Amino acid sequence: LGLLYQEYRDKSTRQEIETRRLQDSQTDPEESSPSEETPSEAEPTSATESKAPPQISLLRNSNSRFNLWQDLPEIRSSGVLSILQPDEIKLQEAMFELVTSEASYYKSLNLLVSHFMENERLKKILHQSEAHILFSNVLDVMAVSERFLLDLEQRVEENIVISDVCDIVYQHTVNHFSVYITYVSNQTYQERAYKQLLQDKPAFREVISQLELDPKCKGLSFSSFLILPFQRITRLKLLVQNILKKVEEKSDRETTALDAHKELETVVKACNEGVRKMSRTEQMISIQKKLEFKIKSVPIISHSRWLLKQGELQQMNGPKTSRTLRTKKLFREIYLFLFNDLLVICRQIPGDKYQVFDSAPRGLLRVEELEDQGQSLANVFILRLLENADDREASYMLKASSQSEMKRWMISLAPNRRTKFVSFTSRLVDCPQIQCVHPYVAQQPDELSLELADILNILDKTDDGWIFGERLHDQERGWFPSSMGEEILNPKIRAQNLKECFRVHKSDDSQRRKLGSRNRQ
């Protein structure tokens, strides 16, 4: 393909955003979206079947641009577009995008290896161990992509109407895609090594800059090539989801799509876990060194523990009954470390240390928002520890710096409480939705990184510009600035998005039900 994967991916997601904008502006989304009931697939006539299938040359033509399946000359001249149902044409497009995007991805990987990794000047500058950390097992990843692409190409060339691609995705995910877990798990080391090399080796910095200026790179940075495998494995899962939304229900193609999606989900989760594990361990060691216990010491470092949120809040002095605005200092600073299973309450002391004076299991925390009581008590909430470090109940009246900070603490401290728009246990409510139109990188543990075209349920929002959302395609939750997205106003589009989400994850739900039934027994 003429496009590098970074360009292809950007163009594809922006087209997705524009399509949704168009649908959202229409009174009847069914005019431009898949119909509620998918008609059965129309089989090509015997006259079409008797012809030798024309060779689709797109994948081997380096001058080809971003194309639709139905725009290919071979498809237009075959007459097949007049035979197939509209829903089947949409399905063909979804499968074709998976194939062409893999071709574009392989092209970009090949450039990473041939232009950067195998550059003779770069080889002389980098020590073998530095090169290994920087490029990891990218040769294995490229070999897997090549084998995968060849099988996809072969399927496309069997017939102008693509029979299926998800069976190929399933086989390659099960047998070969573990190379992605190895590559992505190395990401933390890779980023650190790259920053260090830029800082310590001027010759490395100079060569990379020169290589990036080459017209082959089309203005794209070296780091955009290094992150390709993680972006691809995540995107591949979304492409399979897109196919799954378009296949006929209770068909063989639905079964293979569900199987492929389930295996990709496993790989993506393992990739995410690999990245988190490294950074979490380092973070826990760093926190442990900063804590001094005024109470009985609690071991902080554990393989099953990680940080959810940390930060300063204001604690109200004295019991609730004696509070008065005439008090010289109504609040004093405290510092909270909230882990997935534990809350530690501290005061900051000199030397970047924290003195721990209370703690509680996270499951024994309750929060309550105070009614508006004037500016001095704005953004105040009650934190109750049902069983604290002294094995008794304790309450803290805490003040946050803003409304969003208060809500973020309340949701992190008590994650199962009902939010503004929907309860966490309810999945059938029409709550507000938002489409991401600007990518966002999480800055705090309770925030959610967003990719272009992500769709999220809005669970809560604040007056100062923050949204707490749940991404539909993976159910990940977190906060992000409201300026990153556009709200989806059409209720039929929101309902359609939810329906597609439930369909994609129905195999996960049935698995959970089986597990729950087994546990009860």
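Sub-6 Å Cβ pairs linking a first residue in the range 170-192 that is more than 22 Å from Gln283 (Cβ to Cβ) to a second residue that is modelled with pLDDT under 95 and surrounded by fewer than 21 Cβ atoms within 10 Å (Cβ to Cβ), at least 6 apart or interchain, number zero.
If you take the residues of the range 443-461 that are assigned to a loop (DSSP other than H, G, I, E, B) and of a type in the set (Asp, Glu), which of them is most open to solvent (accessible area, probe 1.4 Å)?
Step one: of the range 443-461, the residues assigned to a loop (DSSP other than H, G, I, E, B) are 443-446, 448-449, 451-454.
Going one step further and asking which of them are of a type in the set (Asp, Glu), we end up with 446, 451, 454.
On the way: Asp446: 16, Glu451: 83, Asp454: 9 Å².
Only one residue fits best here, namely Glu451.
Would you mind telling me which numbered condition in (1) modelled with pLDDT under 95; (2) more than 16 Å from Ile233 (Cα to Cα) Asn186 fails? Asn186 satisfies every listed condition except (2). Scoring Phe148 on the criteria (1) in a helix (DSSP H, G or I); (2) more than 17 Å from Ile243 (Cβ to Cβ); (3) not small (Gly, Ala, Ser) leaves a single failure, condition (2). So which residues in the range 168-183 are farther than 17 Å from Gly274 by Cα and open to solvent by less than 50 Å² (accessible area, probe 1.4 Å)? Residues satisfying the conditions are Ile168, Val169, His172, Thr173.
Of all the listed residues (Asp259, Asp358), the sole one being under 30 Å from Phe230 (Cβ atoms), at pLDDT 95 or above and among the charged types (D, E, K, R) is Asp259.
Would a scan of the range 419-428 turn up a residue that is modelled with pLDDT under 95, aliphatic (A, V, I, L, M) and out of contact with any helix residue (DSSP H, G or I) (no Cβ under 9 Å at 6 or more places or on another chain)?
Here is the first cut: in the range 419-428, the ones modelled with pLDDT under 95 are 419-428.
Cutting the leftovers down to aliphatic (A, V, I, L, M) gives us 422, 428.
Next, only the ones that are out of contact with any helix residue (DSSP H, G or I) (no Cβ under 9 Å at 6 or more places or on another chain) stay: 422.
Among the residues of the range 419-428, at least one is modelled with pLDDT under 95, aliphatic (A, V, I, L, M) and out of contact with any helix residue (DSSP H, G or I) (no Cβ under 9 Å at 6 or more places or on another chain), which makes the answer yes.
Being open to solvent by less than 30 Å² (accessible area, probe 1.4 Å) and either small (Gly, Ala, Ser) or farther than 16 Å from Glu191 by Cα (or both) is the filter here, so list the residues in the range 117-130 that pass it. Can you show your working first?
So in the range 117-130, the residues open to solvent by less than 30 Å² (accessible area, probe 1.4 Å) come out as 122, 126.
Scanning the range 117-130 gives a single hit, Leu122.
Filtering the range 210-225 to residues that are touching a helix residue (DSSP H, G or I) at 6+ places or on another chain (Cβ under 8 Å), open to solvent by 10 Å² or more (accessible area, probe 1.4 Å) and part of a helix (DSSP H, G or I) leaves Leu211, Glu212, Lys216, Ser223, Ser224.
Within the range 329-368, can you find the residues that are among the small types (Gly, Ala, Ser) and assigned to a strand (DSSP E or B)?
If we filter the range 329-368 for residues that are among the small types (Gly, Ala, Ser), which is where we start, we get 351, 359-360, 363.
Passing the criteria: Ser359, Ala360.
Taken over the range 112-136, the criterion of being under 21 Å from Thr182 (Cβ atoms) and assigned to a helix (DSSP H, G or I) is satisfied by Leu112, Val113, Phe116, Met117, Gln128, Ser129, Glu130, Ala131, His132, Ile133, Leu134, Phe135.
Note on the range 74-105: among residues that are within 33 Å of the chain's Cα centre (by Cα) and among the aliphatic types (A, V, I, L, M), the one that is nearest to Glu7 (Cα to Cα) is Ala103. Exactly one residue out of Leu330, Leu342, Leu336, Leu364 is in contact (Cβ under 8 Å) with a residue 24 or more places away in the chain and farther than 21 Å from Asn317 by Cβ: that is Leu342.
The values are calculated or read from the model by the stated rules, or taken from the named source; none is laboratory data. All figures in this text were calculated on a predicted structure; none of them were measured in a lab. Positions of Cβ are backbone-derived with ideal geometry, glycine not excepted, and every protein chain shown enters the neighbour counts. Ligands, DNA and RNA are excluded from the accessible area calculation, which covers all protein heavy atoms including side chains. Shrake-Rupley method; radii C 1.70, N 1.55, O 1.52, S 1.80 Å.
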